[in-house]
Amino acid sequence: MKIVLCLLTLSVCGFSQAVPTASFDAPNLVPSVVTYKGKAATRLVEKGGPGGPLGTNGNGGLALLKGPAFHNGTIELNVAGQPASGSPEAARGFVGIAFRVQASGGKMEVIYLRPTNGRADDQLRRNHSVQYESEPDWPWSRLRDETPGVYESYVDLEGGGWAKYRIVVKGTRAELYVNGATQPCLIVKDLKLGDVSGGIALWIGPGTESWFADLEVTREP
């Protein structure tokens, strides 16, 4: 109860380990609390598995956190993702955070990882290790076609391995820091939804088995 109240009422809050399933709504995902690689974690997979019902805009699903809207601030957690058993060849273990999610869940900003790209023996694929998109109008495919290389970049990741993920959001700018780096691996200067507020969600893409732990949200004006 104290953990859930922390999420609902304080500007700075954290979960020491797994994200409590009572603290979010995930109608298109199957959540469970497990121990994964030494951490108590929240595991999320698509309902029905690969090929089952997908979440928002056919891109996996959301676990929308209960609590006040997020405008500016920092979101930190540990994430891990890998292609689920039986997933299509294009699956990369897509895992990340959606933020400033609008009430209907149809609009959101997303910054996510493609863990299996991080150590691929293909430089072009490595260059697609992290990604920004803004649903529904600016999916990754449109951003890549119209502005190649601007909204994605490389960072060292391991499929199924834990990664420390931190995003800093202010106005229409967001920066992603991975594994304690002091410099961002991705800078977005023009968040497509503009300077708005909205919800925060754990996010997974299609064909993904994912784990989330040690969530901390710091809200700023």
Please give the calculated 222 nm ellipticity per residue for the chain, where each DSSP H segment of at least 4 residues contributes -39500 (n - 2.57) and the sum is spread over every residue; nearest 500 deg cm²/dmol?
-2000 deg cm²/dmol
Reachable aspartates and glutamates, given that their alpha-carbon falls under 18 Å from the alpha-carbon of residue 37 and they are not under 8 places away in the same chain
158, 209, 214
If you average the sequence gap of Cα pairs under 8 Å that are 6 or more apart and divide by the length of the chain, what percent do you get for the contact order?
32 percent
Tensor-based shape of the chain (alpha-carbon gyration tensor, a/c under 1.5 rounded, otherwise prolate or oblate)
rounded
Mind checking which aspartates and glutamates have their C-alpha under 13 Å from residue 107, skipping anything on the same chain fewer than 8 residues away?
133, 135, 137
For the table 47/189; 66/164; 47/170; 66/170; 39/189, the rows whose alpha-carbon distance is greater than 26 Å are 47/189; 47/170; 39/189
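Could you tell me what percent of the accessible area of the chain is made up of carbon and sulfur, with a 1.4 Å probe and every protein chain present?
Exposed carbon and sulfur together represent 52 percent of the surface.
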What accessible area per residue, rounded to a whole number of Å², is obtained for region 97-185 using a probe radius of 1.4 Å?
45 Å²
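The values are calculated or read from the model by the stated rules, or taken from the named source; none is laboratory data. These numbers come from a predicted model, not from an experiment. The accessibility values were calculated without ligands, DNA or RNA, using every heavy atom of the protein model including side chains. Shrake-Rupley method; radii C 1.70, N 1.55, O 1.52, S 1.80 Å.
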